[in-house]
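Participant: Structure in structure tokens, see below.
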Amino acid sequence: MDVYVCPACSAVVSSSRREAHEKAWCPARVKEDGEESSEDERPAGVGGARSLLTPLCEAATTVTFSSVPTMSFSLIQTDIWGPADTGGALWYADRVMSEYIAAGALDVALDWPLPPSQSLSRMPQRRFGQTPPDCFSSSSSSSKLFSSSDQIPENPGQTSNSSSNPSSASRKGASRGLALALGCGGAPLSALVAAAMGWKVIMTDLDVCLEQAQQNVDSNLNAVRSSRSNLRLADLPDSLDEMTVMELWFGDDAALEKALSDWTIQVKADLEGQASGPLVVLCSDCIWKPELHLLLIKTIISALRQCPTGAGVSLVAFQRRSPTNEALFMKRLKEAEVLCIESVDIADVLQIVHWPPQAQSQNV
């Protein structure tokens, strides 16, 4: 792909987008005569006219959920052409992942060891009159689940009390499990939703994204607590102790082992009857760089290998952009051989996502 390096802001964009970047998107561009200057102190590249075109350029965005109407998160965003690169914004795939989790997707992991594979089609059938953006039609968007089983509970958004889980009773007063978010970015929405649903969460990304991620975690702490209370999960440990933000490069097994060390200790205790809950690895929109495919897959496998058999799953969501790149990612997944790979039908989820107005009005 031919690229263009902007001399004003040093952003790297495709050559086909050079004109659009120079006219509207470059944060260092000189304002034209008559164009009003904003007097607030927004980060460069967010807010202003651009936020009317895409939610990715809003200085802050608020997300609500069909599956859990009482749950809401407000997230600050930073310039996607700035130091945090694409990690500064809340991308569409993570909105879908977050609604999917709110609908009960992580409850699949609560009944481990998991039985043979089952259907993933049992999603809520509600319709809220919203049409997903074209890039998220049911035929052009997918989430990938790596597990030996998968089943969505009939009552999404509710606490699982399944008697088929021998650990459910001993898990009272403890987290439902550990959610490891890979490449969470500075606006880690799906990780916050997992925390609100009662999971201990470790959010990971490169160092440049961590300050923003921590700021969003801190500012949404009360929202997590409120959601846990509304879902009758208030007896869990304090939310602040349940959410960790740390640096992790894909492929760094030593750092991954350190990040999961407390959980793996608890897993060993669980085998002696003290339930720690399963592991779910979350990853949204992290496959767009083909040179990182193998490292991402390696990290997912390394994390799941620390689980007892059947106690770990990974959900990977991505927006359809490049059929070639996505086919390459799936090919590399299959070549890994140690993963059981299943496609998730998210058509019903797409219908209940609260899409921002900009996405509703445009082919994004």
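The values are calculated or read from the model by the stated rules, or taken from the named source; none is laboratory data. Bear in mind that the values here come from a model prediction, so they are computed numbers and not experimental data. Accessible surface is based on the protein model in full, side chains and every heavy atom, while ligands, DNA and RNA are left aside. Shrake-Rupley method; radii C 1.70, N 1.55, O 1.52, S 1.80 Å.
Participant: Please list 3J(HN,Hα) in residue order for segment 318-326, calculated via the Karplus relation 6.51 cos²θ - 1.76 cosθ + 1.60 where θ = phi - 60°; whole Hz, with x for glycine and proline.
Facilitator: So the J values, rounded to whole Hz, are 8, 7, 6, 10, 10, x, 5, 5, 5.
Participant: In addition: Under a 5 Å amide H to amide H cut-off, with H placed in plane at 1.01 Å, what residues pair with Gln306 once short-range neighbours are removed?
Facilitator: none
Participant: Could you please state, rounded to a whole Å, how far the C-alpha centre of segment 288-364 is from the C-alpha centre of segment 191-234?
Facilitator: Rounded to whole Å, the Cα centres lie 21 Å apart.
Participant: Please calculate the 1.4 Å probe accessible area of Ile297, with all protein chains present, and give it to the nearest 10 Å².
Facilitator: Counting only protein heavy atoms, Ile297 exposes about 10 Å² to solvent.
Participant: Around Val344, which amide H atoms from residues at least 5 apart in sequence, or from another chain, sit under 5 Å from its own amide H, with H modelled in the peptide plane?
Facilitator: Under 5 Å from the amide H of Val344: Ser143, Leu145.
Participant: May I pose another question? Let me cross-check Glu326: its accessible surface, 1.4 Å probe, with only protein heavy atoms counted, in Å² to the nearest 10?
Facilitator: It works out to around 20 Å².
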